[in-house]
1. Looking at this structure, is L158 under 21 Å from I33 (Cβ atoms) and surrounded by fewer than 18 Cβ atoms within 10 Å (Cβ to Cβ)?
2. Do you know which of the residues in segment 132-148 that are in a loop (DSSP other than H, G, I, E, B) and under 29 Å from P160 (Cα atoms) is farthest from the chain's Cα centre (by Cα)?
3. Say whether the condition of being outside any loop (DSSP other than H, G, I, E, B) and at pLDDT below 90 is met by at least one residue in segment 169-187.
4. Which fully enclosed strands (runs of 3 or more DSSP E) of segment 1-98 have 1 or more residues being open to solvent by 40 Å² or more (accessible area, probe 1.4 Å) and farther than 29 Å from D138 by Cβ?
5. Would you pick out the residues in segment 26-71 that are within 17 Å of E4 (Cβ to Cβ) and either at pLDDT below 95 or in contact with a His (Cβ under 6 Å, 6 or more places away or on another chain) (or both)?
6. I'd like the residue in segment 107-131 that is at pLDDT below 95 and in a strand (DSSP E or B) and, out of all such residues, is surrounded by the fewest Cβ atoms within 10 Å (Cβ to Cβ).
Amino acid sequence: MKFEVITIFPDFFRGPFDFGIIRRARETGLVEINIHDLRAFTKDKHRTVDDRPFGGGEGMVLKPEPIFECIESLHVAQAFLPVRESVILLSASGQPFTQRIAAELSQLDRITIICGRYEGVDERVATHIADREISIGDFVLSGGELAAALIVDTVTRLIPGALGNEASSKQESFTHGEHVVEGLPNSTCGSGGLLDYPHYTRPAEFRGMPVPEPLMNGNHEEIKRWRRKEALKKTLRNRPELLDEVELTKEDRKVLDELRSKGC
């Protein structure tokens, strides 16, 4: 997997990509991350990348010329290159970034990310270059660099070999798929699109707070039922809208009815 990140602040990425899973993935050759300074594609002595918006208004807008030239230098989306790729424009007005989108992106060969800045990016970039316009949430950042780091991290950990345990990414919040991952003990269940169930580790009791009994008795079926119930409870409490997107069993609906009757 190759990531091409286009930014006016290339030094920003010296930190985020030098730690943890991303660093290991880079060192083992699973991913290649190239940072491109947008100012290198300007032609004036001031290396100008922005200008005032037509029609008036506050702020400045990133100019199309340097972005188009940078993309063209990367030979993005050229028909003679048999590459599965995507060009992402990061924008507060883009579609929300989700785990499902991250999973789609992880199947590609190359992802180019354009970091927006100022009041935004000339719309001709969105309509003629990017095939995706993505936002990481309903809020406004100063620029797309933080969002780019987030997307690279989220996608990288889904690439086979990036995580120490291949099943880890199948058992997390928002991950759709089978509740039980093939080849794993019955005590482990995937989220199936719900929020993840609670996790505990040693000591078994801490400051009078014990680990729930079902996790201690070694009964894998009971552990599985407890985890599913707790995932449903957490989703109902924190993100109830996700329940409309999840394939619920008859037992799940019974549990939810019980939780709602108790005011959970």
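1. Details: under 21 Å from I33 (Cβ atoms): yes; surrounded by fewer than 18 Cβ atoms within 10 Å (Cβ to Cβ): no.
Taking the combined requirement at face value, the residue does not satisfy it.
2. Of segment 132-148, the ones in a loop (DSSP other than H, G, I, E, B) are 136-142, 144.
Checking the rest, the ones that are also under 29 Å from P160 (Cα atoms) come to 136-137, 144.
On the way: I136: 8, G137: 11, G144: 14 Å.
Looking at the filtered set, the residue picked out is G144.
3. Our first condition is that a residue be outside any loop (DSSP other than H, G, I, E, B); within segment 169-187, this holds for 169-170.
Remaining after also requiring at pLDDT below 90: 169-170.
Within segment 169-187, one or more residues are outside any loop (DSSP other than H, G, I, E, B) and at pLDDT below 90.
4. Working: elements: 2-7, 32-37, 85-96.
Output list reads 2-7, 32-37.
5. C70 - this is the single residue of segment 26-71 that is within 17 Å of E4 (Cβ to Cβ) and either at pLDDT below 95 or in contact with a His (Cβ under 6 Å, 6 or more places away or on another chain) (or both).
6. Looking at residues that are at pLDDT below 95 and in a strand (DSSP E or B), I get G120.
The values are calculated or read from the model by the stated rules, or taken from the named source; none is laboratory data. All figures in this text were calculated on a predicted structure; none of them were measured in a lab. Neighbour counts are summed over all protein chains in view; Cβ atoms, including those assigned to glycine, are modelled from backbone coordinates with ideal geometry. Each accessible area value is taken on the protein alone, full model and side chains, heavy atoms only, with ligands, DNA and RNA left out. Shrake-Rupley method; radii C 1.70, N 1.55, O 1.52, S 1.80 Å.
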